[in-house]
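A.B. asks: First, the structure itself, so that you have it in front of you.
The values are calculated or read from the model by the stated rules, or taken from the named source; none is laboratory data. Not measured: the values here are computed from a predicted model. All Cβ positions, glycine included, derive from the backbone under ideal geometry; neighbour counts span all protein chains shown. Remember, those area values only see protein heavy atoms, side chains included, never the ligands or the DNA or RNA. Shrake-Rupley method; radii C 1.70, N 1.55, O 1.52, S 1.80 Å.
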Amino acid sequence: MSNKKVIAVAGATGAQGGGAARAILADPESGFTVRALTRDPDSPAARELAALGAEVVRADFGDESTVHKAFEGAYGAFLVTNFWAHGSAAQELAEIQVLARAAAATGLRHVVWSTLEDTRVLLPLEDGRMPVLQEQYNVPHFDIKGEGNELFRKAGVPTTFLNTTFYFQGFLQGLGPQRGEDGVLALNLPLEDGKLLSGVDVADIGRTAFAILKGGASFIGQTVGLAGDHLTGAQYAEKLAGTLGEPVRFQSVPYDYFRTLEIPLAEELGNMFQYYGDFDREFTGARDLTRVREINPALKSFDDWLAENASKFESN
């Protein structure tokens with residue numbers, strides 16, 4: 001173990017970090033080992049990673065000294081921040097600043113940063129087609145990560161920028177088909193007819209990050225756009241129908257209506273889907289499925305993911 005390169009994995013008990021940690025731990029011949037960063041090393045998820053062979057350490061993005069200590073002696077890192085834990089762009093920016101400073105100070109040789117586009121590049125705030133949120137963002141959890149990219153560059157951190165996308169898991173977490181008053185299942189999404197929605201199995205974020213770390217220096221400075229499929233709402237509905245064994249119709253929900261729903265961060269999500277729709281060619285065009293499969297041959301399509309997760313859907 002001592003001659004293996006240590007990969008510090010941020011958010012190791014979460015979806016993205018957990019996927020990265022498990023991918024590394026599942027390949028004992030890779031030459032890497034995992035240092036799992038978590039705020040609670042005694043949590044069940046942390047204990048599970050320890051049982052798989054990870055070194056579990058406490059690190060709190062609000063306490064820079066703990067992050068610095070967690071990075072010391074590591075070769076590289078998979079880094080991610082969780083906007084959804086607090087919903088604050090300002091807090092996420094502070095966390096990214098901590099990660100970039102600590103990565104530079106400890107001399108990490110390769111960081112894979114899980115990020116997203118800054119929507120303001122294509123959609124200036126004065127455009128007016130969607131509400132400006134938190135005073136200076138269209139889609140805060142996109143924009144602040146895109147803004148954070150420059151922090152790693154300015155700090156001189158050798159970084160690969162991994163642009164993620166919508167998780168297929170969202171269909172199991174409130175966005176899946178719902179039965180209408182007429183008894184027919186409907187996939188209700190704030191996405192216009194014919195527009196593409198890029199999706200990915202969240203575990204493929206970690207698997208692709210691991211492949212990039214194995215690929216080494218050739219990936220440093222590159223941006224890799226990640227997706228497992230590019231499908232329209234109707235295509236997602238058709239594939240879900242095949243899994244559920246009954247028809248599923250796609251119902252486009254107006255963005256403005258979606259933003260008024262009484263769900264957490266409805267405006268954030270509404271703006272996100274509008275960005276997906278208004279800029280679907282640019283967004284999907286930045287995610288070359290062929291290239292991603294060259295990096296991560298195990299990349300799951302939506303069909304692959306559905307086959308693995310069919311039993312988790314309930315047809316009520």
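A.B. asks: Does Gly87 satisfy the criteria of being free of Cβ contacts under 8 Å to residues at least 40 places away in the same chain and within 16 Å of the chain's Cα centre (by Cα)? Quick ask: steps written out before the conclusion?
C.D. replies: On the way: free of Cβ contacts under 8 Å to residues at least 40 places away in the same chain: no; within 16 Å of the chain's Cα centre (by Cα): yes.
Taking the combined requirement at face value, the residue does not satisfy it.
A.B. asks: Still on this structure, please answer the following. With among the hydroxyl-bearing types (Ser, Thr, Tyr) and loosely packed, with under 15 Cβ neighbours inside 10 Å as the only criterion, which of Ser30, Ser43 stands out?
C.D. replies: Numbers: Ser30 fails: loosely packed, with under 15 Cβ neighbours inside 10 Å.
Checking each option against the conditions leaves just Ser43.
A.B. asks: Could you tell me whether Gly174 is modelled with pLDDT under 95 and closer than 23 Å to Gly19 by Cβ?
C.D. replies: Values: modelled with pLDDT under 95: yes; closer than 23 Å to Gly19 by Cβ: yes.
It is true that Gly174 is modelled with pLDDT under 95 and closer than 23 Å to Gly19 by Cβ.
A.B. asks: Something else now. Between a residue in segment 293-315 that is over 10 Å from Thr243 (Cβ atoms) and of a type in the set (Gly, Ala, Ser) and any residue that is part of a loop (DSSP other than H, G, I, E, B) and open to solvent by less than 30 Å² (accessible area, probe 1.4 Å), which pairs come within a Cβ distance under 8 Å, given they are 6 or more apart or on different chains?
C.D. replies: Between residues of segment 293-315 that are over 10 Å from Thr243 (Cβ atoms) and of a type in the set (Gly, Ala, Ser) and residues that are part of a loop (DSSP other than H, G, I, E, B) and open to solvent by less than 30 Å² (accessible area, probe 1.4 Å), the close pairs are Ser301/Gly228.
A.B. asks: So which residues in segment 106-126 are open to solvent by 70 Å² or more (accessible area, probe 1.4 Å) and free of Cβ contacts under 8 Å to residues at least 40 places away in the same chain, if there are any at all?
C.D. replies: Narrowing segment 106-126 to residues open to solvent by 70 Å² or more (accessible area, probe 1.4 Å): 109, 121-122, 126.
Listed by number, the residues that qualify are Val121, Glu126.
A.B. asks: Of these, Gly183, Gly170, Gly199, Gly215, which one is within 29 Å of Leu122 (Cα to Cα) and outside any strand (DSSP E or B)?
C.D. replies: Being within 29 Å of Leu122 (Cα to Cα) and outside any strand (DSSP E or B) holds for just one of Gly183, Gly170, Gly199, Gly215, which is Gly170.
A.B. asks: Got a number for residues in segment 86-101 being more than 30 Å from Arg281 (Cβ to Cβ) and touching a Lys or Arg at 6+ places or on another chain (Cβ under 9 Å)? Don't jump to the end; show me each part of the working.
C.D. replies: Taking segment 86-101 first, the residues more than 30 Å from Arg281 (Cβ to Cβ) are 86, 88, 90-91, 94-95, 97-101.
Pick out the ones that are also touching a Lys or Arg at 6+ places or on another chain (Cβ under 9 Å) and you get 100.
So the count comes out to 1.
A.B. asks: To continue, here is another question. Scan segment 10-24 and report the pairs whose first residue is over 20 Å from Lys69 (Cβ atoms) and whose second residue is of a type in the set (Ser, Thr, Tyr) and part of a loop (DSSP other than H, G, I, E, B), with Cβ atoms within less than 8 Å and a gap of 6+ or a chain change.
C.D. replies: The qualifying pairs are Gln16/Thr164; Ile24/Ser30.
A.B. asks: State yes or no: is Gly221 within 22 Å of the chain's Cα centre (by Cα) and open to solvent by 10 Å² or more (accessible area, probe 1.4 Å)? Can you show your working first?
C.D. replies: On the way: within 22 Å of the chain's Cα centre (by Cα): yes; open to solvent by 10 Å² or more (accessible area, probe 1.4 Å): yes.
The answer is yes for Gly221.
A.B. asks: Every residue in segment 266-315 that is part of a helix (DSSP H, G or I), in contact with a helix residue (DSSP H, G or I) (Cβ under 7 Å, 6 or more places away or on another chain), over 19 Å from Asp118 (Cα atoms) and among the charged types (D, E, K, R), please.
C.D. replies: Answer for segment 266-315, where residues must be part of a helix (DSSP H, G or I), in contact with a helix residue (DSSP H, G or I) (Cβ under 7 Å, 6 or more places away or on another chain), over 19 Å from Asp118 (Cα atoms) and among the charged types (D, E, K, R): Asp303, Lys312.
A.B. asks: Do you know which of the residues in segment 274-289 that are in contact with a strand residue (DSSP E or B) (Cβ under 7 Å, 6 or more places away or on another chain) and closer than 18 Å to Asp127 by Cα is surrounded by the most Cβ atoms within 10 Å (Cβ to Cβ)?
C.D. replies: Tyr276
A.B. asks: For residues in segment 48-81 being of a type in the set (Phe, Trp, Tyr) and under 30 Å from Asp143 (Cβ atoms), which is surrounded by the most Cβ atoms within 10 Å (Cβ to Cβ)?
C.D. replies: Residues of segment 48-81 of a type in the set (Phe, Trp, Tyr): 61, 71, 75, 78.
Narrowing the set further to residues that are under 30 Å from Asp143 (Cβ atoms) leaves 61, 71, 78.
Values: Phe61: 23, Phe71: 27, Phe78: 32.
Ranking the qualifying residues of segment 48-81, first place goes to Phe78.
A.B. asks: If you don't mind, there's one more thing I want to ask. Before we move on, is Gly270 under 20 Å from the mean Cα position of the chain (by Cα), open to solvent by less than 20 Å² (accessible area, probe 1.4 Å) and not β-branched (Val, Ile, Thr)? Talk me through it step by step, then tell me what you get.
C.D. replies: Details: under 20 Å from the mean Cα position of the chain (by Cα): yes; open to solvent by less than 20 Å² (accessible area, probe 1.4 Å): yes; not β-branched (Val, Ile, Thr): yes.
Yes: the conditions hold for Gly270.
A.B. asks: Here's a follow-up. Within segment 110-131, track down each residue that is of a type outside the set (Gly, Ala, Ser) and closer than 21 Å to Ala155 by Cβ. First the steps, then the outcome.
C.D. replies: So the first thing to find is which residues in segment 110-131 are of a type outside the set (Gly, Ala, Ser), and the list is 110-113, 115-127, 129-131.
Those that are of a type outside the set (Gly, Ala, Ser) and closer than 21 Å to Ala155 by Cβ: His110, Val111, Val112, Trp113, Thr115, Leu116, Glu117, Asp118.
Here is a yes/no grid of residues against (1) polar (S, T, N, Q); (2) more than 30 Å from Ala103 (Cβ to Cβ):
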residue: Thr160; (1), (2): yes, no
residue: Tyr167; (1), (2): no, no
residue: Gly194; (1), (2): no, yes
residue: Thr232; (1), (2): yes, yes
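A.B. asks: Moving on. Taking Tyr275 and the conditions (1) free of Cβ contacts under 8 Å to residues at least 12 places away in the same chain; (2) touching a Phe, Trp or Tyr at 6+ places or on another chain (Cβ under 8 Å); (3) not acidic (Asp, Glu), which numbered condition does it fall short on, given that it satisfies the others?
C.D. replies: So the condition that Tyr275 fails would be (1).
A.B. asks: Has segment 227-249 got any residue that is part of a loop (DSSP other than H, G, I, E, B), modelled with pLDDT of 95 or more and buried (at least 22 other Cβ atoms within 10 Å of the Cβ)?
C.D. replies: yes
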